[in-house]
Amino acid sequence: MLHQFCSNLQTMITRLIGQHNDLTASLEALEKHLESDVSWSSANRVELALIDFYDDITLLTEWQRRLAEINRLPKHLKEFYEEHTGEADSSKLRALLVRLVSDLQWFRESKRVVRFNES
């Protein structure tokens, strides 16, 4: 799963480089970081960093896609994100998406740690 996730991030970086010629150096730095440290921690950092490069359409698409995952989160977090489902301001949406992705990453990682400790 990790290698597929990293591959997906690499594809997104390549796509974003094509859209943001002026930000190529920043995106290539993220790509190098991902290539030099193939770990969940590194992939999660890159995933969060890429949100700052999303255009409005990608931002909205990712927001809507991630909202489909909120049922996995604790009730208070799920309710928080449900309150913001209709947000239209892109700067607020970007901040919410960063927070949501971070919460989903934390939830996924905590489950991985529990499974590891049970083994």
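Read-outs throughout are calculated quantities, based only on the coordinates presented, and are distinct from any laboratory measurement. Only a predicted model underlies this, so the values are computations on that prediction, with no experimental measurement involved. All Cβ positions, glycine included, derive from the backbone under ideal geometry; neighbour counts span all protein chains shown.
Normalised by 2.2 N^0.38 Å, with N the number of residues, the alpha-carbon radius of gyration of segment 1-53 equals 1.02.
Could you please report the charge total around residue 75, scoring K, R as +1 and D, E as -1 over all other residues with beta-carbon less than 14 angstrom from its beta-carbon? Let's see the in-between values first.
Numbers: positive: 72, 78; negative: 79, 82, 83, 103.
Taking every other residue near residue 75 into account, the sum is -2.
Using Cα-only point scatterers and the Debye equation, what is log10 of I(q)/I(0) for segment 54-119 at each q in 0.22 Å⁻¹, rounded to two decimals? For segment 54-119, the Cα-only Debye profile gives -0.88.
Rounded, prolate or oblate for the chain? Axes are the square roots of the Cα gyration tensor eigenvalues, ordered a ≥ b ≥ c, and the cut-off for rounded is a/c under 1.5.
Numbers: a/c = 2.59, a/b = 1.11, b/c = 2.34.
Note, shape of the chain comes out oblate.
Within segment 60-77, which residues have the backbone N less than 16 Å from the label spot 7 Å out from residue 20 along Cα→beta-carbon, could you tell me? Inside the label zone: 60-63. With a Cα cut-off of under 23 Å and a minimum spacing of 8 residues unless on different chains, the lysine pairs in the chain number 4.
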